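The structure under discussion appears below in the form of structure tokens.
The values are calculated or read from the model by the stated rules, or taken from the named source; none is laboratory data. Because the structure is a prediction, the values reported are computed rather than measured. Methodologically, a virtual Cβ is constructed for each residue, glycine included, from the backbone with ideal geometry; neighbour enumeration extends over all protein chains shown.
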Amino acid sequence: MNDIALGIDTSCYTTSVALASAGRIVTCARRLLSVPKGERGLRQSEAVYQHVRALPELMEGMMRSAGDTKISCVCASNAPRPREDSFMPVFACGASFARAIGAALNAPVYFTTHQQGHIRAALQDSGMPDGRFVALHLSGGTTQTLLCDEKLEIQELGGTSDLNAGQLVDRTGVHMGLAFPCGPELEKLARRGTAKSLLPVSRKDLSCSFSGAEAQIKRLLDGGIPQEDAAMEVYSFLSRSIAWLVVSACRKASTHRALLAGGVASSLLLREELTRRVKKLDRNVQLYWGRPELSGDNACGVALIGASMHERG
């Protein structure tokens, strides 16, 4: 069997582990963190506690399912983004776990970032050719347009100036009484509703603002708009904003290829709306998507990155 890389990712809302070898995902396991009903998230201390409890159980279950497997290296995400000022305590859980496993197995330990893991996972089976491309990382923690290449060298181009796409979805859903994270339930509601573009897009240079949309959708809900229509208004707003970000970033970077990554990008409704709107803005821009199951928080991209690092020596 080829060398197997163990990947570990401990984000704000998902504990995940994965095994990868020779550019393919062998197996993976993940667990969403538990958020009390009515809350919009977790304190870092509570998230750390849940990761510490979940990691051994996930590892035990995954290794049982993997059978006779020899781990050759370990890779973990140790920061949200590849920047010196990027840090969140939750990532210390996965990084510490990786170091302990590496020491026990006498195996090399590599580190990457949560963002690079998302992009690498989305690239898997996406059909993206080698070369530069724009990546849009859409989640509760980030909404950024990035210039990338196949080595995952990243340059930030733009994004949101306040709230992120996932935060708008979750805050709207919590205001409706939905369980956190709210994306799947909000999308179900949206598919039964209609939108009239009641939330105007706020944009400047290569940035958008989402905070005004949050305030407006809450006013509309409090004023009696049906929840189905409010939900569709959110997806209409996001698709219009993101389509503009994608096309603007591609023009700025002189490329026609864009990869959508992150948990929000797993929404099939958003994919449908965004594909239509990008085509309307610029027919030359080609969208590439990760598989829905590889778009949310997961350790698959981290494991694939670790396998590549190990192969390069």
Candidate set from segment 52-106 (those that are surrounded by fewer than 20 Cβ atoms within 10 Å (Cβ to Cβ) and touching a Leu at 6+ places or on another chain (Cβ under 8 Å)); member that is nearest to I8 (Cα to Cα): I101
Could you check L178 against (1) among the aliphatic types (A, V, I, L, M); (2) more than 16 Å from R240 (Cβ to Cβ); (3) not in a loop (DSSP other than H, G, I, E, B) and say which number it fails? (3)
If I ask for residues that are among the hydrophobic types (A, V, I, L, M, F, W, C) and under 18 Å from the mean Cα position of the chain (by Cα), which ones from segment 21-34 would you list? I25, C28, A29, L32, L33
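What are the residues in segment 281-313 that are of a type in the set (D, E, K, R) and without any contact (Cβ under 8 Å) to a residue 12 or more places away in the chain, if any?
Scanning segment 281-313 gives R283, R312.
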Is there any pair with a first residue in segment 255-279 that is at positive phi and a second that is surrounded by 21 or more Cβ atoms within 10 Å (Cβ to Cβ) and part of a strand (DSSP E or B) whose Cβ atoms are under 6 Å apart and which are 6 or more apart or on different chains, and what are they? G262/H137; G262/L138
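A quick yes/no check of all residues on (1) surrounded by 23 or more Cβ atoms within 10 Å (Cβ to Cβ); (2) touching a residue at least 12 places away in the same chain (Cβ under 8 Å); (3) in contact with a strand residue (DSSP E or B) (Cβ under 9 Å, 6 or more places away or on another chain):
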| position | (1), (2), (3) |
| --- | --- |
| D125 | no, yes, no |
| M128 | no, yes, yes |
| V134 | yes, yes, yes |
| H137 | yes, yes, yes |
| L152 | no, yes, yes |
| Q155 | no, no, yes |
| G158 | no, yes, yes |
| L163 | no, yes, yes |
| V169 | yes, yes, no |
Residue list for segment 187-210, filter: aliphatic (A, V, I, L, M) and within 22 Å of Q144 (Cα to Cα): L199, V201, L206
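Which one is nearest to L294 (Cα to Cα) among residues in segment 1-12 that are modelled with pLDDT under 95 and surrounded by fewer than 24 Cβ atoms within 10 Å (Cβ to Cβ)? Steps first, please.
Our first condition is that a residue be modelled with pLDDT under 95; within segment 1-12, this holds for 1-3, 11-12.
Next, only the ones that are surrounded by fewer than 24 Cβ atoms within 10 Å (Cβ to Cβ) stay: 1-3, 12.
On the way: M1: 24, N2: 23, D3: 22, C12: 17 Å.
In this case the residue turns out to be C12.
Let's see how each residue does on (1) of a type outside the set (V, I, T); (2) closer than 22 Å to K151 by Cβ:
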| site | (1), (2) |
| --- | --- |
| I71 | no, no |
| V74 | no, yes |
| V90 | no, no |
| C93 | yes, no |
| A103 | yes, no |
| Q116 | yes, yes |
| A121 | yes, yes |
| D125 | yes, yes |
| M128 | yes, yes |
